Amino acid sequence: MKFTSFTQYLSLCLIGLTISCTSVKTTAQNKKPKNVILMIADGTGLSQISSSQFYNSQPSNYDRFKHIGLIKTSSASDLITDSAAGATAFSAGVKTYNGAIGVNTDTIAIPTILEDLEKRNFATGVIATSTITHATPASFYAHQKYRKMELEIAQDLVTSGVDFFAGGGRKFFENREDGNNLVAALEGSGYEMYLDRLDPTLKMKASKKYGFLLADSGMPKVLEGRGSFLYDATKLGIKRLSKNKEGFFLMVEGSQVDWGGHNNDGEYLVSELIDFDTVIGQVLDYAAKDGNTLVVVTADHETGGFTLASDEGDYNKINPSFSTGGHSATMVPVFAYGPGAAEFMGIYENTAIYSKIKALIKE
C-alpha cells in the first residue's frame, strides 16, 4: 500500500493509536474483580480522616485513592442511622430501621452479599475490633430483629458458613446463660478455634475454617495495648481466603473509631483511626500486587460531630472538638481502588455500596 503523503500516513497512524488506546481503556474499565475487601471505619467522617493526615507520623493511606464518592446515611426509621441499619444497607442493600440486623422493616431476613457469594463458592470473612457479634460484623452473617440480641447473633455465626472471623465477644460463645457451648459447636462445624492469641505466621489450610475470639467483650483499645491485632487479623484473613480459587469477600471493621467519638475522646478516636489507616495500607499493597481485588473503604455514619477546630483562635494549633455524643447525619466518604473502582464515584445512597459490588461480581 502506498501513501500519497506523509500527512496521510501520520493521520492513519494516529487513528490506529487512538483505537488501540481506546481498546485498552475499555478493557480496563470492563475488568471485574475476583475479590472484594470492604473496610468500614465505624463512625468516620471527613474530619476523622483528616486527623490521620495531621496526627499520623506516616503519610495517610487515604491519600492513595483516586476514586472517591459520598454516601447518604439515613435509615428507614431515622434521619440519623445507627450501625445496625447502616451495615445492613451495605450487606443486604435495603434501608431498614435502626437496630435491625440483616432484616427489613418488617423484620424479614434479607440475604446478605456474604451469603449470596457463599452459594457461589466464594470464601468469606469478617473481622472487627468490637465483639464479632456487634452490629456491623453481625449484619453480614446474621438475621435478628435487634442488635442487642448477641446471644442469638452468636448462634447465627455457627451456621453462617463464614470461613474466617476474628474479634472479641467470647462471652457470647462460652459460659452462656443457656448452657450452650458455641465454641465447641464451631469446632464441630469444622472451625479451628483460637481463644487466646492470633499468630500472623499461622499456616492456613484451604480446607479449614478459622475463628479467633480474643476477648470476652470488645478488643482492648489501641491505647490499652491491643497492638497490631487488626493488621495481623487482616493479613491472616487474606492469607486464608485467597486460597480459594473462586474468589473471596472480606469485611474489615475498625469498630472503635466510633467509640472514641461517642466518648468525645479525641486521643482515643485518632489512635483508632491511625490503626485503621495502617491496615488500609496493607490491603492496598495486597490489591496492587494481586490486580484482581476491589477495595472499598467507607463508614456507616459519622460519630461525635467531630471537627478539627483551632485552639483558641490559633490557626497553627488544632483542637479536636465534638458537637454530640451520638451520631450525625452528615454524608460520609467512600474510597475505592482496583477493578471497578470508578463505579464508586459520585453521591448516592448507602444501599448502593451493596448494589455496586453485586453488579461488579455478578456471574
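At-a-glance table
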read-out: Mean ellipticity per residue at 222 nm, deg cm²/dmol - from DSSP H runs of n ≥ 4 across the chain, formula -39500 (n - 2.57); value: -10500 deg cm²/dmol
read-out: Charge tally in the Cβ shell below 10 Å around Y337, where Lys, Arg are +1 and Asp, Glu are -1, Y337 excluded; value: +2
read-out: Pairwise FRET efficiency - D116 versus Y315, Cβ, R0 = 51 Å, nearest 0.05; value: 0.55
read-out: Rounded if a/c under 1.5, otherwise prolate or oblate - the range 274-313, Cα gyration tensor axes; value: prolate
read-out: Set of lysines with alpha-carbon distance to K72 below 26 Å, sequence-local pairs under 8 removed; value: K32, K95, K145, K148, K356, K358, K362
read-out: For the chain, size of Cβ-based charge dipole, Lys and Arg +1, Asp and Glu -1, in debye; value: 1880
read-out: Relative contact order (percent, whole number), the chain, Cα cutoff 8 Å, 6+ residue spacing; value: 29
read-out: Over the range 176-254: Rg over Rh, Cα atoms, Kirkwood Rh; value: 0.99
read-out: Segment K148-S355, extension gain: residue separation times 0.36 nm, minus the distance between their alpha carbons; value: 71.8 nm
read-out: Karplus-derived HN-Hα couplings along the range 214-224 (A = 6.51, B = -1.76, C = 1.60, θ = phi - 60°), whole Hz, x at Gly and Pro; value: 9, 7, 4, 10, x, 5, x, 5, 4, 5, 10
read-out: Overall Cα dimensions of the range 192-298 - principal axes, largest extent first, Å; value: 44, 31, 18
read-out: The range 159-176 residues near the modelled E192 label - backbone nitrogen below 18 Å, point 7 Å along Cα→Cβ; value: 162-167
read-out: Quarter of Cα convex hull surface for the range 102-150, i.e. mean projection, nm²; value: 3.5
read-out: Rg in Å to one decimal, and Dmax rounded to a whole Å, for the range 35-155 via C-alpha atoms; value: 15.6, 48
read-out: Gain upon complete extension [F54, S323; 0.36 nm per residue less C-alpha separation]; value: 94.8 nm
read-out: Cβ-based exposure ranking for S75, S355, in which fewest neighbours within 10 Å come first; value: S355, S75
read-out: Evaluated over the range 34-360, the Cα radius of gyration and Dmax, each in Å; value: 18.4, 61
read-out: Peptide ranges 101-108, 195-202, 271-278, 317-324 listed from the most packed, as the mean C-beta count within 10 angstrom indicates; value: 271-278, 101-108, 317-324, 195-202
read-out: Highest-fluctuation residue, G313, G304, G86 considered, GNM on the chain with Cα pairs under 10 Å; value: G313
read-out: GNM result for the chain, Cα springs below 10 Å: residue of R147, R170, R120 fluctuating most strongly; value: R120
read-out: For the range 209-363, the fraction of alpha-carbon pairs in successive 10 Å shells from zero, as %; value: 9, 31, 35, 20, 4, 0
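Any read-out appearing in this document is the output of simple, stated calculations on the displayed coordinates, not a laboratory observation. Owing to the predicted nature of the structure, the values given are computational and were not obtained by experimental measurement. In this analysis, Cβ positions are derived from the backbone assuming ideal geometry, glycine residues included, and neighbour counts consider all displayed protein chains.
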